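Colleague: Got a structure for you, questions after.
The values are calculated or read from the model by the stated rules, or taken from the named source; none is laboratory data. None of the values given here were measured: they were computed from a predicted structure. Virtual Cβ from ideal backbone geometry, glycine too; neighbours counted across all protein chains shown. When the accessible area is computed, the model is the full protein with side chains, heavy atoms only, and any ligands, DNA or RNA have been set aside. Shrake-Rupley method; radii C 1.70, N 1.55, O 1.52, S 1.80 Å.
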Amino acid sequence: AIAGDYMSAASFLGISGLVFAAGFDGLIYSIGFLVGWPIILLLIAEPLRNLGRYTFSDVACFRLQQKPTRILAASGTLATVILYLIAQMVGSGKLIQVLFGLDYMVAVAIVGTLMMVYVTFGGMIATTWVQVIKAVLLLCGATLLAILVLLHFNFNVEALFDAAIAKHDQGIAIMAPGGLVSDPISAISLGLALMFGTAGLPHILMRFFTVPDAKQAHRSVFYATGFIGYFYILTFIIGFGAIAFLLGNPEYLNEAGGLIGGNNMAAVQLSSALGGDAMLGFISAVAFATILAVVSGLTLSGASAISHDLYGSVFRKGERDEKAEIRVSRIATIGLGILAIILGIVFEKQNVAFMVGLAFAIAASANFPILLLSMYWKKLTTRGAVIGGWLGLLTAVILVILGPIVWVDVFGNAEAVFPYKYPALFSMSVAFIGIWLFSVTDNS
């Protein structure tokens, strides 16, 4: 289920789409996503499980004052969840649009409605089972696609790369870095976001509270890392396969020469090119199950932040009323679903792996520093955690809005106020320095 939660539509559709567009540089996402797991394995899995808590906020509040810490933790969770949700909604909207010829807005609305019904009535057990089934399907589907690609080249990877270089506009340049991330600050910033953001993702952290003991938590992360690493190798082969088979093939290109449905559809269109309608149907079903599963996991963690952390612990001041919490959780699920539909329509043109990169930047800035320091630094105080955490969260959100992706692509301004696409280097620094400074100077 952990591997299922992590191998999202953004990974399957987004990374293969990035490799299709930019070649080698798409790997920065694969590697960044994977490197976060040893950090979880070595630093976080065991102490998290030993605390025996329910959400990320419970862990943050274990040694700090409840109210201000919970409000901060819930805000960080919601900011991460909403950005992550946008990526999944865009992927699903495009997928249904390509498959059924439906209008994009209708497609996004259908997925949002399905997810709301699913999470409202199914809860954590349904979400876990769908993750398990989806992880198996996704690994089988991606393996089959990669094998079909390599079969055409007699399992000679060099021949695949040669074919891709021959087809791509940039030629040999697709085998070198620099296609996606052109300056060192952006590269470091993106790397930090992907590495440390993984350890701050609320829907991943939630999984550690569902195993019996710390040994099982360790074992789970170890196996999940293996599955995830294998899967990312496959996305790289699928991305280069898409270049080799789809570029120059008029059946899969629109009038402008771009891929039908956009680059996010590279894996889906490749399945059609290699295996006809049957393969297209299977891979589309896998991609759809992937989206629904990850969206439901995200919505569940967002709804629990609202019902358990904000409503149960802040508004009711810790007086537990399970029925009321479940009711609030269901209302929050519907609210998050409607918000996801609206934002999915607004961000239609974005690459889904990009959007996830931004969600990771917020998780790395707001959630990870507090999580790490609350476990390993005994001088951490509530004032330090709250002020530093808010500074990190607000810096990340403001820099995302002022950066090229939102300020230029969404709002349509000529140039961005903040020149870099990824804010993690700056917002993580602000968070750690803020937490340290306000803890050290706290005499309470």
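Colleague: Looking only at the range 81-92, decide whether some residue is farther than 23 Å from T198 by Cβ, at pLDDT below 85 and open to solvent by 10 Å² or more (accessible area, probe 1.4 Å). Steps first, answer last, please.
Modeller: Initially, the range 81-92 is screened for residues farther than 23 Å from T198 by Cβ, giving none.
The answer is no; no qualifying residue exists.
Colleague: Checking R53 against (1) touching a helix residue (DSSP H, G or I) at 6+ places or on another chain (Cβ under 9 Å); (2) in a helix (DSSP H, G or I); (3) at pLDDT below 80; (4) not polar (S, T, N, Q), which test does it fail?
Modeller: Answer for R53: the failing condition is (2).
Colleague: List the number of the failed condition for G412; all other conditions in (1) open to solvent by 50 Å² or more (accessible area, probe 1.4 Å); (2) at pLDDT 85 or above; (3) small (G, A, S) hold.
Modeller: Single failed check for G412: (2).
Colleague: Only one of (1) over 18 Å from the mean Cα position of the chain (by Cα); (2) farther than 30 Å from V98 by Cα is not met by S365, so which one is it?
Modeller: Going through (1) over 18 Å from the mean Cα position of the chain (by Cα); (2) farther than 30 Å from V98 by Cα one by one, S365 breaks only (1).
Colleague: In the range 267-282, which residue that is closer than 14 Å to I147 by Cα, buried (at least 24 other Cβ atoms within 10 Å of the Cβ) and of a type in the set (A, V, I, L, M) is nearest to the chain's Cα centre (by Cα)?
Modeller: Filtering the range 267-282 for residues that are closer than 14 Å to I147 by Cα, buried (at least 24 other Cβ atoms within 10 Å of the Cβ) and of a type in the set (A, V, I, L, M), the one nearest to the chain's Cα centre (by Cα) comes out as A267.
Colleague: Further question: Enumerate the pairs (first residue in the range 253-278 and within 23 Å of K349 (Cβ to Cβ); second residue anywhere and assigned to a loop (DSSP other than H, G, I, E, B) and hydrophobic (A, V, I, L, M, F, W, C)) with beta-carbon separation below 9 Å, excluding pairs fewer than 6 apart on the same chain, so at least 6 apart or on different chains.
Modeller: That search, which allows pairs on different chains as well, returns L253/L247; L253/I260; N254/I260; L259/L247; Q269/I260.
Colleague: Would you list the helices (runs of 4 or more DSSP H) that sit entirely within the range 157-236 and hold 3 or more residues that are surrounded by fewer than 18 Cβ atoms within 10 Å (Cβ to Cβ)?
Modeller: Numbers: elements: 157-167, 184-198, 202-205.
Fully inside the range 157-236 and qualifying: 157-167, 184-198.
Colleague: Report whether or not R70 is in a helix (DSSP H, G or I), charged (D, E, K, R) and surrounded by 24 or more Cβ atoms within 10 Å (Cβ to Cβ). Before you say what the answer is, go through the steps one by one.
Modeller: Details: in a helix (DSSP H, G or I): yes; charged (D, E, K, R): yes; surrounded by 24 or more Cβ atoms within 10 Å (Cβ to Cβ): yes.
Yes.
Colleague: On to the next question. Using the structure shown, decide if F33 is buried (at least 24 other Cβ atoms within 10 Å of the Cβ), among the aromatic types (F, W, Y) and in a helix (DSSP H, G or I).
Modeller: Details: buried (at least 24 other Cβ atoms within 10 Å of the Cβ): yes; among the aromatic types (F, W, Y): yes; in a helix (DSSP H, G or I): yes.
Yes.
Colleague: So G32 ticks every box in (1) within 23 Å of A146 (Cα to Cα); (2) modelled with pLDDT of 85 or more but one. Which box is left unticked?
Modeller: Condition (2) is where G32 drops out.
The rows are residues; the columns are (1) in contact with a Cys (Cβ under 7 Å, 6 or more places away or on another chain); (2) within 30 Å of K317 (Cβ to Cβ); (3) of a type in the set (S, T, N, Q).
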| site | (1), (2), (3) |
| --- | --- |
| S16 | no, no, yes |
| V19 | no, no, no |
| G26 | no, no, no |
| W37 | no, no, no |
| P47 | no, yes, no |
| S57 | no, yes, yes |
| L64 | no, yes, no |
| A79 | no, yes, no |
| L85 | no, yes, no |
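Colleague: Is it the case, given these coordinates, that L391 is hydrophobic (A, V, I, L, M, F, W, C) and open to solvent by 60 Å² or more (accessible area, probe 1.4 Å)?
Modeller: Values: hydrophobic (A, V, I, L, M, F, W, C): yes; open to solvent by 60 Å² or more (accessible area, probe 1.4 Å): yes.
So L391 fits the description; yes.
Colleague: Ok, one more. Given L300, L310, which one is closer than 14 Å to S57 by Cβ and either free of Cβ contacts under 8 Å to residues at least 24 places away in the same chain or open to solvent by 10 Å² or more (accessible area, probe 1.4 Å) (or both)? Break it down into steps so the answer makes sense when it comes.
Modeller: On the way: L300 fails: closer than 14 Å to S57 by Cβ.
On inspection, the qualifying residue turns out to be L310.
Colleague: State the number of residues belonging to the range 379-433 that are of a type outside the set (A, V, I, L, M, F, W, C) and either over 30 Å from V59 (Cα atoms) or without any contact (Cβ under 8 Å) to a residue 24 or more places away in the chain (or both).
Modeller: First pass over the range 379-433, keeping only residues of a type outside the set (A, V, I, L, M, F, W, C): 379, 381-384, 388-389, 392, 395, 403-404, 409, 412-413, 415, 419-423, 427, 429.
Filter once more, so that each one left must be either over 30 Å from V59 (Cα atoms) or without any contact (Cβ under 8 Å) to a residue 24 or more places away in the chain (or both): 403-404, 409, 412-413, 415, 419-421, 429.
The qualifying residues number 10.
Colleague: So L380 ticks every box in (1) farther than 30 Å from M265 by Cα; (2) outside any loop (DSSP other than H, G, I, E, B); (3) of a type outside the set (D, E, K, R) but one. Which box is left unticked?
Modeller: Every listed condition holds for L380 apart from (2).
Colleague: Can I ask one more? Quick one: how many residues across the range 283-297 are open to solvent by 20 Å² or more (accessible area, probe 1.4 Å) and over 14 Å from G93 (Cβ atoms)? Break it down into steps so the answer makes sense when it comes.
Modeller: To start, the set of residues in the range 283-297 that are open to solvent by 20 Å² or more (accessible area, probe 1.4 Å) comprises 285, 288-289, 292.
Filter once more, so that each one left must be over 14 Å from G93 (Cβ atoms): 285, 289.
So the count comes out to 2.
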